[in-house]
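Down below is the structure, laid out as structure tokens.
The values are calculated or read from the model by the stated rules, or taken from the named source; none is laboratory data. Given the structure is predicted, the values throughout are model-derived calculations rather than measurements. Methodologically, a virtual Cβ is constructed for each residue, glycine included, from the backbone with ideal geometry; neighbour enumeration extends over all protein chains shown. These area figures cover heavy atoms from the full protein model, side chains too; ligands, DNA and RNA do not enter into them. Shrake-Rupley method; radii C 1.70, N 1.55, O 1.52, S 1.80 Å.
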Amino acid sequence: ALLGASGGPAAAAESEADLKARRRSPRPFLYRIEYTDPPTMVPYPEGTERKVEGVLASQQLVFLGAHTGSAEDGALAAGIVDRLAARKGKGKLLLGLADVQQRLQPALDAYLAASDAAAAELQLRDSGGWAEGAFEGCLPALRAARARGGGGVALVALAPDAGALARVAAAGLEGLSADERNQYVIDLKGFIEFARQTGYRAYADEVIFPAYADGVARGAFGAEPPSKANYFAARILRDEAVASAAVEAITAAPAGSTMVVLQPAEAVTAAPAGSTMVVDLDRVKFGFGSSGRAERIARSLGGALGVRAVLLNPTAADTLSGTTYLRLALGLAEDLYDGRPLADFVWYSARPLANQLSHLMNADDAGPIWARIKLGYD
């Protein structure tokens, strides 16, 4: 079935407005990012999205970067979860929730096991630990996982304890207990070295520290914001904890399993005020968040995992672009060697505008050359 604007099966009959839009703009919903110099976007024409679903289903970890509280992102994520679960003849589909604290795992198990879906949702919502808007954003994917049932789908809480993060925000990594350090950082040497990479320093300068400065300027951390160093410590701990939990869960799952990690926008709670700051898609974009850490952790444990990152409905602003086009890498030329692409795929609920798509010629613009471009879906 073709993918409609919500990411689910397209309706049998299109509205007249939708039909006109489709005829006017052949731009598809799904693109692969090639890490060339400069990076390029490769489109997947409608009807070929299943090829990408097959690629994702063959991976062990698939990170979805979504906007917190976005109905469009929620529906698109739910469609991806449902279709990947349908492909799991072997293994299981695990839905990892990067916004749910690990201590709340019993609440997720109870949600899947409950007979009354409405009551189960209320109980899960009230279990605590959700950032503002995060529960509503995750709910479509949760419902898709629950509808599959039958033991073929599991929910996994991935986030570290909010209290631990608050202590790190106040006192640095020294605020963790020994047990917490062992739980959240299972590859200590890699954890230390990861932040020392040249590419990571560029990522921190362009992604992490501007988010901190913006939060301080807007008062998002409350009356007593954390220091820059402690904010950085809390942020990298959260990324590492999510990655560690994801690797441990998928490694323990039956052979052939895939975990889809739903990674909403970052919500940083500052101690003690309890204010939140949302930074959209930062946990997935440019490869130095939890997805890149998961690859490293798997290698440190003596194995290798297939990991892919998918951004849902990214805007130019999400990618730190100074233009209307998506920014596909933090650096160019020799800097590409140290960096990583924006993501492996970007997936839209509605047809993106032409001026969003970097280094792409479409059928309206390119004429006969379009037929000679190798799209990579065959």
Checklist entry - Can you pull out the residues in region 108-121 that are more than 22 Å from the chain's Cα centre (by Cα) and surrounded by 18 or more Cβ atoms within 10 Å (Cβ to Cβ)? => result Y111, L112, A120
Checklist entry - So which residues in region 233-255 are outside any helix (DSSP H, G or I) and either in contact with a Phe, Trp or Tyr (Cβ under 7 Å, 6 or more places away or on another chain) or among the aliphatic types (A, V, I, L, M) (or both)? => result A253, A255
Checklist entry - Which residue, of G322, G331, G339, G303, is open to solvent by less than 50 Å² (accessible area, probe 1.4 Å) and free of Cβ contacts under 8 Å to residues at least 60 places away in the same chain? => result G303
Checklist entry - Does G74 satisfy the condition of being small (G, A, S), buried (at least 20 other Cβ atoms within 10 Å of the Cβ) and in contact (Cβ under 8 Å) with a residue 40 or more places away in the chain? => result yes
Item to check | Residues satisfying the stated conditions in region 122-133, i.e. in contact (Cβ under 8 Å) with a residue 60 or more places away in the chain and open to solvent by 50 Å² or more (accessible area, probe 1.4 Å) | outcome: E132
Checklist outcome for this item: Contact list, first residue from region 89-118 and under 16 Å from A144 (Cβ atoms), second anywhere and among the acidic types (D, E), beta-carbon distance below 8 Å, six or more apart or interchain, is Y111/E121
Item to check | Hits in region 25-41 (condition: under 16 Å from P314 (Cβ atoms) and open to solvent by less than 20 Å² (accessible area, probe 1.4 Å)) | outcome: P28, F29, L30, Y31, I33, P39, M41
Checklist entry - When A252 is evaluated against the numbered criteria (1) at pLDDT 90 or above; (2) surrounded by fewer than 23 Cβ atoms within 10 Å (Cβ to Cβ); (3) within 19 Å of L64 (Cα to Cα), which criterion, by number, is the only one it fails? => result (3)
Checklist entry - Considering R340, R372, R351, which residue is more than 15 Å from Y31 (Cβ to Cβ), modelled with pLDDT of 85 or more and either over 20 Å from the mean Cα position of the chain (by Cα) or of a type outside the set (V, I, T) (or both)? => result R340
Checklist entry - Taking into account only those residues within region 42-61 that are closer than 17 Å to G292 by Cα and in a loop (DSSP other than H, G, I, E, B), which is least open to solvent (accessible area, probe 1.4 Å)? => result Q59
Checklist outcome for this item: Checked region 218-232 for anything open to solvent by 10 Å² or more (accessible area, probe 1.4 Å), in a helix (DSSP H, G or I) and modelled with pLDDT of 90 or more; matches are K228, A229, N230, F232
Next on the checklist: Residue pairs, Cβ under 6 Å, 6 or more apart or interchain, first in region 38-55 and among the hydroxyl-bearing types (S, T, Y), second part of a strand (DSSP E or B) and crowded, with 17+ Cβ neighbours inside 10 Å. List them.
Outcome noted: Y44/L30
Checklist entry - Which residues, taken from region 176-206, are surrounded by 13 or more Cβ atoms within 10 Å (Cβ to Cβ) and closer than 22 Å to L330 by Cα? => result F191, F194, A195, Q197, G199, Y200, R201, A202, Y203, A204, E206
Checklist outcome for this item: Checked against (1) open to solvent by less than 40 Å² (accessible area, probe 1.4 Å); (2) among the charged types (D, E, K, R); (3) modelled with pLDDT under 85, E136 satisfies every condition except (1)
Checklist entry - Of the numbered conditions (1) aliphatic (A, V, I, L, M); (2) assigned to a helix (DSSP H, G or I); (3) open to solvent by less than 10 Å² (accessible area, probe 1.4 Å); (4) touching a residue at least 60 places away in the same chain (Cβ under 8 Å), L64 satisfies every one except a single condition; which is it? => result (2)
Checklist outcome for this item: Checking L360, L311 in turn, the sole residue that is open to solvent by 10 Å² or more (accessible area, probe 1.4 Å) and either assigned to a strand (DSSP E or B) or modelled with pLDDT under 70 (or both) turns out to be L360
